[in-house]
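Beneath this line is the structure, given in structure tokens, with notes to follow.
The values are calculated or read from the model by the stated rules, or taken from the named source; none is laboratory data. Only a predicted model underlies this, so the values are computations on that prediction, with no experimental measurement involved. Please note: Cβ atoms are built from the backbone with ideal geometry, for glycine as well, and neighbour counts cover all protein chains shown.
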Amino acid sequence: MSNPLVRAIETIGAVFRFTLQLGRCILTGPRYFRETIRVMELLARRCLVPVGLAVAPVAGVIALQGVQAFREYGVEGLLSSMLATSILRQYSPTLASIMVAAQAGSSIAARIGTMKVRGQIDALAVMSVDPLRYVVVPGLIACMVVTPLLNVIATFLGIVSGWFFAVPVAGINDGAFFDNLYSQVSPLDLWIGMGKCAFYGAGVGLIAGYVGMATSGGAAGVGRAANRTVVYTIILILVADFVIGTLLLNQGL
Amino acid sequence: MGEIRTWVVESLAMVRDFAVFMRRALRAQMRPPPFGELVRHASDAGVGSVLLVTVLITFTGMGLTVQGYSAFAKFGGEDMLGAFVGIGGVRELYPVMAGIIVGARIGANLAANLATMQISEQVEALEVMGVDPMHFLVAPRLWAVTLMVPVLCAYAIAIGLGASYFAAVAQLDLNGGTFIDQLRANVQWSDLAAGVLKGLVFGWLVACIACFHGYSAKKRDGAEGVGIATNRSIVQAAVACIVFNMILSAIMYI
């Protein structure tokens, strides 16, 4: 047991089994639609402000920094195509997912952890309500659906903020900004961002559920669960982001 | 509309409480903190984060390079990759990522830790013994994180540039010499100083936000209160890093 390698393999196996169990729960009933809708609404409301506050400033910084770099080569009109591509494909999905992990992931893990510590999870099982179906699956589905929707709003806010810092603040020509914006962006970019978000959202729900259900050790354990969820999810998002970026580049997309 | 109004009122109340806490924390920081505690927290925050920062920044740097390349290749601007990766990484991305990582790992830890102490009445016990909890608990944590984050930032910049070089040469088959020349031409010592200076600001902000939420956890909330404190401190620390980064960059560029 003390061997870290053995423990790592054990954890991977446990997560795999947990994923399969959740898959079976989603495919077969009973399903708790009302609970799912409630969690979705709660997540959307709670995450909207953090997601917007994360993506918009970053887009502004890219615009400011891009103006400096592009001006040296005298091609500052091209700024908007670089800005739009990197926001649509990269920054908006990644940052939106990281903020969903920070807000929704940690609160889901803390909620499940609190229920576990107080014995409410066992109480559900005694009442013959499967805690996986009633507590974990709604969180998973909600994260998977809400993250791409938040990403759309975040992308829009990001482009508006990029425009604000490029055109009125840094003095780029308004017409050139919009011409290059439309010429380089295709619906494919948005779909790639949405797909990434759905994938990362599922990761958030899965990790939050697993870590939350494994909580032990009272109030301090709840804090640890919330903390671990965020750390693990950020690792997953950044590693997956690099792998997906490489795959897309190799496919020529 | 009533809901939005309560939300605004509550947020403003939180900002006010935070301002009061910030003043108390600054005053507590002015006296020399207990040295043993300071060393313990500094090694926890600094040495404990090295592995996480290494892994995450490696992938961030490689990702930045690959993404930057695919964005620039569309209009034949591959020559600008070094400038983009160098300045963007050193001045913006790596310090912010270091701040977010420290917020998620150390900040959340501090918040959970202090909140647990608060709900199990350990803080009150300290007060009864005549020990000022702001000085004994909060000040060493603040000092430790504030001093460690700039060091982690410098480390993150080194790792990130290495990862960018690796991705450019090994994965994208660019010429390594050209890439280094571009970095040399575009990244000045002042950029490095700006990145590390940002780390100092982010470190203090993250630690202060985390201590605020941990310290103001309510005893009646029990275990749930620890979860709330952790959650809020992670989210607000990340948002604070990103927003302050924009403000600092805007001041530096304009």
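Structure notes:
- For the range A:80-91, the condition holds for no residue, the condition being that it is modelled with pLDDT of 85 or more, more than 8 Å from chain B (Cβ to nearest Cβ), under 30 Å from A:Q21 (Cβ atoms) and crowded, with 22+ Cβ neighbours inside 10 Å.
- A:V211 being within 13 Å of the chain's Cα centre (by Cα), buried (at least 18 other Cβ atoms within 10 Å of the Cβ) and in a helix (DSSP H, G or I): no
- Residues located in the range B:62-92, provided they are assigned to a helix (DSSP H, G or I), more than 7 Å from chain A (Cβ to nearest Cβ), small (G, A, S) and more than 17 Å from the chain's Cα centre (by Cα): B:G68, B:A73, B:G82, B:G86
- None of A:A59, A:A44 is within 11 Å of chain B (Cβ to nearest Cβ) and crowded, with 16+ Cβ neighbours inside 10 Å except A:A59.
- Qualifying residue in the range B:155-172 (condition: of a type in the set (S, T, N, Q) and either more than 19 Å from B:Y69 (Cα to Cα) or away from chain A (no Cβ under 13 Å) (or both)): no
- Condition met for B:A115 (within 10 Å of another protein chain (Cβ to nearest Cβ), in contact with a His (Cβ under 7 Å, 6 or more places away or on another chain) and either part of a helix (DSSP H, G or I) or within 24 Å of B:V151 (Cα to Cα) (or both)): no
- Among the residues making up the range A:217-237, those that are farther than 27 Å from B:I57 by Cα and in contact with a Gly (Cβ under 9 Å, 6 or more places away or on another chain) are A:A219, A:G221, A:V222.
- Enumeration of residues in the range B:234-254 that are facing another protein chain (nearest Cβ under 7 Å), under 24 Å from A:V67 (Cα atoms) and not β-branched (V, I, T): B:N245, B:M246, B:S249, B:A250, B:Y253
Here's the yes/no breakdown for (1) at the interface with another protein chain (Cβ under 7 Å from one of its Cβ atoms); (2) under 22 Å from A:T147 (Cα atoms); (3) assigned to a loop (DSSP other than H, G, I, E, B); (4) at pLDDT below 90:
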{"position": "A:G223", "(1), (2), (3), (4)": "yes, no, no, yes"}
{"position": "A:A226", "(1), (2), (3), (4)": "yes, yes, no, yes"}
{"position": "A:A240", "(1), (2), (3), (4)": "no, yes, no, no"}
{"position": "A:N250", "(1), (2), (3), (4)": "no, no, no, yes"}
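- A:G175 falls short on exactly one of the conditions (1) within 14 Å of chain B (Cβ to nearest Cβ); (2) at pLDDT below 85; (3) surrounded by fewer than 20 Cβ atoms within 10 Å (Cβ to Cβ), and that condition is (1).
- Selected residue (only one of A:T85, A:T114 is touching a residue at least 40 places away in the same chain (Cβ under 8 Å) and closer than 24 Å to B:M97 by Cβ): A:T85
- Residues within the range A:1-33 that are part of a loop (DSSP other than H, G, I, E, B) and either under 13 Å from A:R133 (Cβ atoms) or touching a residue at least 40 places away in the same chain (Cβ under 8 Å) (or both), tallied: 5
- Taken together, the criteria exclude B:M22 from residues that are part of a helix (DSSP H, G or I), under 22 Å from the mean Cα position of the chain (by Cα), in contact (Cβ under 8 Å) with a residue 24 or more places away in the chain and surrounded by 18 or more Cβ atoms within 10 Å (Cβ to Cβ).
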